[in-house]
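Step one of this worksheet: look at the structure below.
The values are calculated or read from the model by the stated rules, or taken from the named source; none is laboratory data. Here the structure is a predicted model, which is why all the values come from computation and not from measurement. Glycine also receives a Cβ, built like all others from the backbone with ideal geometry; neighbour counts cover every protein chain displayed.
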Amino acid sequence: MTAVQICALISLIIAAAILYWVGYKGGLTDGRAEGYDQGHAQGYIEGMDEGESARTTELEQVSERCRHLQLVLDIQPRDRLPLLSIAEKLKLAADTFRAVKSDSQATQTLALRDKALRIAAQMDSIYLEDAA
């Protein structure tokens, strides 16, 4: 081979390498941009779905809180007296269970009595706050 042919061969190899490198870099840049755009769009859609799900869950929780608050507000001060009466009857039942040697029933009855008294006390605090 002559020197001119060797130079032409080296030039062709270098030109092919440059052409390949430019194509590779262009494709890599385009692929990254397209991947970013697709990832961004997919992330946006997933974020919207998660936001809707969280909003629905929060709305359900707030609705449940509102229903609970409405139940508390629907309790009248006159409902406190039957609770206190129930508590006294439960104390009598616990004493009866103790007399017949049924300690587990007596314990359960006393626990229910304490719960009724706590509810009555909570009602007192609600209506004292409302009065103030």
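Brief remarks on what is shown
- The single condition among (1) exposed (fewer than 10 other Cβ atoms within 10 Å of the Cβ); (2) touching a residue at least 24 places away in the same chain (Cβ under 8 Å) that LYS101 does not meet is (2).
- Against the numbered list (1) in a helix (DSSP H, G or I); (2) farther than 17 Å from GLN122 by Cα, LYS101 comes up short only at (1).
- Residue match in the stretch 30-46 (condition: more than 30 Å from LEU112 (Cα to Cα), surrounded by 10 or more Cβ atoms within 10 Å (Cβ to Cβ) and more than 35 Å from the chain's Cα centre (by Cα)): yes
- Just one of the listed residues (GLN61, GLN108, GLN70) is in contact with a Phe, Trp or Tyr (Cβ under 9 Å, 6 or more places away or on another chain), assigned to a helix (DSSP H, G or I) and within 30 Å of ALA121 (Cα to Cα), namely GLN108.
- Residues of the stretch 1-29 satisfying the condition of being loosely packed, with under 10 Cβ neighbours inside 10 Å and of a type in the set (A, V, I, L, M): MET1, ALA3, VAL4
- Given (1) aliphatic (A, V, I, L, M); (2) in a helix (DSSP H, G or I); (3) at pLDDT below 80, index of the condition MET1 fails: (2)
- Count - residues of the stretch 51-101 that are in contact with a helix residue (DSSP H, G or I) (Cβ under 8 Å, 6 or more places away or on another chain), farther than 14 Å from ARG113 by Cα and modelled with pLDDT under 85: 4
- Flag for ASP79 being in contact (Cβ under 8 Å) with a residue 40 or more places away in the chain and either part of a helix (DSSP H, G or I) or more than 33 Å from the chain's Cα centre (by Cα) (or both): yes
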